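The values are calculated or read from the model by the stated rules, or taken from the named source; none is laboratory data. This one's a predicted model, so the numbers in the text were calculated from it and none came from an experiment. No Cβ is skipped: glycine too gets one built from the backbone with ideal geometry, and neighbour counts run over all protein chains shown.
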Amino acid sequence: MRKLLSSLICVFAMAGLVVAGEVTLLKFNKDKKEVTVKDGDAEKTYKITDKTKFVGVDKDGTTKDISYDDAVKGLSNPKAEGRLKFDVTVKDGEITEAKVKARKGK
């Protein structure tokens, strides 16, 4: 019983370290590599690192990796502020993965 209880505590502790959810972009600072998003009613600022993975998801659910440069184009677009919704996985204030709805290229 103790082993089961201790393993459950470890699982819940690890789940608390990584947070994932849908957010709305408020602003992007390219120089500082910071993204300010609205998560529910709260505004939060997260860092983008070299390890951040950007993924595009199309309507069929197919995923495709997006380069950092392409992600910056989308995040820095003035029309995206307040409108762009995407899923982020955050660990220790840094975005580890961002999933954006992909559009077909021309």
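Taking region 43-76, which residues are of a type in the set (S, T, N, Q) and closer than 15 Å to residue 24 by Cα? Residues satisfying the conditions are 45, 76. Note on region 77-99: among residues that are touching a Phe, Trp or Tyr at 6+ places or on another chain (Cβ under 9 Å), of a type in the set (Val, Ile, Thr) and within 18 Å of residue 30 (Cα to Cα), the one that is surrounded by the most Cβ atoms within 10 Å (Cβ to Cβ) is 95.
Flag: residue 35 matches the condition of being among the β-branched types (Val, Ile, Thr) and at pLDDT 90 or above. Residues of region 41-100 that are in contact with an Asp or Glu (Cβ under 6 Å, 6 or more places away or on another chain) and acidic (Asp, Glu): 87 alone. Every residue in region 19-34 that is farther than 15 Å from residue 79 by Cα and among the β-branched types (Val, Ile, Thr), please. 19, 23, listed by residue number.
Residues in region 61-106 that are among the β-branched types (Val, Ile, Thr) and either out of contact with any Gly (no Cβ under 9 Å at 6 or more places or on another chain) or over 17 Å from residue 34 (Cβ atoms) (or both): 62, 63, 66, 72, 95, 96, 100. If you go through region 28-76 and keep only what is more than 15 Å from residue 94 (Cβ to Cβ), exposed (fewer than 13 other Cβ atoms within 10 Å of the Cβ) and of a type in the set (S, T, N, Q), you end up with 62, 63, 67.
Here is a yes/no grid of residues against (1) touching a Lys or Arg at 6+ places or on another chain (Cβ under 7 Å); (2) at pLDDT 90 or above:
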position: 60; (1), (2): no, no
position: 63; (1), (2): no, no
position: 88; (1), (2): no, yes
position: 91; (1), (2): no, no
position: 97; (1), (2): yes, yes
position: 100; (1), (2): no, no
position: 106; (1), (2): no, no
